[in-house]
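Each remark here refers to the structure printed beneath this line.
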Amino acid sequence: MGRSTDNGVTFFINRQMLDTEGKRSIHGNIVIHGDRRKFSTGLRISEKIWDAKCNQAKGRSPEAQRINISLIKTREIIENLKTDLLLKDGFISAITVRDAYVELSKTPEKRAKEEAIKKAKEEEERRKIEEERERKELEEIGITLLEYFDTYIESRRKEVEAGELTHVTYGRYLCTRNRLILFMLEEYGDWAIPIKKVDIFFIKNFQMFMLKNFPCQHNAAMKNIQKLCTIINLAFNMGIIPTNPASLFRIHFEETERDRLDEEELCRLYEYPFASETLSRVRDSYIMACYTGLSYIDASSFEQKDLQKYIDGNQYIIKNRAKTLENFKVLLLDVPAEIINKYKGKLPDGQLFPMISNQNTNRFLKEIAQIVGINKKLTYHTARHTFATTICLTNGVPLETVQKLLGHKSIRTTQIYAKIVDKKLTEDMNMLSERLRDKQRISIAI
């Protein structure tokens, strides 16, 4: 390395690094008042032509002349920078001169690259600051209702995979979640509502939203509120929210008149000669449910394997209910057996009796009721009511047996049908009493 001075520029080669061409890079030192700062010249040279004493290339080769001219220019640039900085700031140091030279010696490409890197770093820093701000905000406001709902739904999805929950129940939670999103967007303009901000008014407004925007009655709206309250109750029990607004809302279901067919209507429907093949098939699938208690989803999945001969020698329908996963066993009565034989080998995909979509089935049932002269609102589910009441309870089948036949988890669900039968019994007895009074009046008059 060349001799150092108190003020000046010296050059040296880096003996530690050798490039692929066998050359070494030339570096420089800016020395001011004993302070030394190294910089790179960007030049490379063969060690054999470097003069360490003179701080330059030796000889008159084109390479030596090119390098020496570059070193002279570098020294001149640095001296000019020292003068400019001294006039501008009133003082200079080795580091300020070195930094000024490094900045000046950058190519446009290098400047652009460094500027891009700088902007990227600034952007990353801004992103981190924003993320930290959002994190602190989330800590203050807590988890949103939708996030907590999704966490709950994910746990239920795993129950479905494990066979502990039905797809039907899982789908109903998804339905409530989607309706909640629509409600929050309409009511608040945002679906990211913190669960801590959910209060009794939120729940009541959701109920009004359901009644206003969806074709549902009070009980259907209550079922959605019930699922929302399940989430809120869980959040309260887990300590996510300090108070429980769900405890202030009274979930109540109105008693509804459950349409069903009596024996005369059932016979009339079964024997009616429909001109339309479609209506005839819908009628047959409905009658099948009236004599078996199959729900629409269970009827749709009914297969030959579900028909089994039991130890008493009779054929039974043995399945697990899709809704509750409860096992049920129903004797295959003559009417459903006739329907199965009627369509045997005539339907695709191994179907035992004809089934179309639930929506279309219910649409055709309205038309069927009008044609046959049944003044009742028929849906596929009313067949299940008919089975429980007209086929079973009115013929003396015990309530506990009906519970098993319908696949109900709780007998309280089955007791609804018993109330229907009791009400009909009361109506019939009142009618009988009135007739007897009329006869008594006529007798007295005579």
- Leading residue by the ranking (modelled with the lowest pLDDT) among those in region 323-353 that are touching a helix residue (DSSP H, G or I) at 6+ places or on another chain (Cβ under 6 Å) and part of a loop (DSSP other than H, G, I, E, B): LYS323
- Message: I want to confirm something. Restricting to region 341-364 and keeping residues that are surrounded by 14 or more Cβ atoms within 10 Å (Cβ to Cβ) and over 14 Å from SER280 (Cα atoms), which single residue is nearest to the chain's Cα centre (by Cα)?
- Response: ASN358
- Query: Name the residues in region 39-59 that are open to solvent by 20 Å² or more (accessible area, probe 1.4 Å) and touching a residue at least 60 places away in the same chain (Cβ under 8 Å), would you?
  - Reply: GLY42
- Query: Among the listed residues ILE317, ILE374, which satisfies the condition of being among the β-branched types (Val, Ile, Thr), open to solvent by less than 50 Å² (accessible area, probe 1.4 Å), in contact with a helix residue (DSSP H, G or I) (Cβ under 6 Å, 6 or more places away or on another chain) and at pLDDT 90 or above?
  - Reply: ILE374
- Task: Please go through region 96-124 and pick out each residue that is surrounded by 13 or more Cβ atoms within 10 Å (Cβ to Cβ) and either more than 24 Å from ILE78 (Cβ to Cβ) or among the β-branched types (Val, Ile, Thr) (or both).
- Result: THR96, VAL97
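Which of the residues belonging to region 259-300 are in contact with a strand residue (DSSP E or B) (Cβ under 8 Å, 6 or more places away or on another chain) and either open to solvent by 10 Å² or more (accessible area, probe 1.4 Å) or part of a helix (DSSP H, G or I) (or both)?
ASP298
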- Task: Return yes when ASP89 is exposed (fewer than 14 other Cβ atoms within 10 Å of the Cβ) and modelled with pLDDT of 90 or more and no when it is not.
- Result: no
- Query: Got at least one residue in region 226-246 being in a helix (DSSP H, G or I), open to solvent by 40 Å² or more (accessible area, probe 1.4 Å), under 25 Å from CYS290 (Cα atoms) and at pLDDT below 95?
  - Reply: no
- Pick from region 12-26 the residues that are of a type outside the set (D, E, K, R) and open to solvent by 30 Å² or more (accessible area, probe 1.4 Å): which of them is modelled with the highest pLDDT? SER25
- Message: Give me the strands (runs of 3 or more DSSP E) completely within region 1-109, filtered to those with at least 2 residues that are small (Gly, Ala, Ser), ordered by residue number.
- Response: 24-32, 35-45
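The values are calculated or read from the model by the stated rules, or taken from the named source; none is laboratory data. Being a predicted model, the structure only gives us computed values, none of them experimental. Heads up, the Cβs are rebuilt from the backbone with ideal geometry, glycines too, and the neighbour counts pull from every protein chain shown. Heads up: the accessible areas ignore ligands, DNA and RNA and are worked out on the full protein's heavy atoms, side chains in. Shrake-Rupley method; radii C 1.70, N 1.55, O 1.52, S 1.80 Å.
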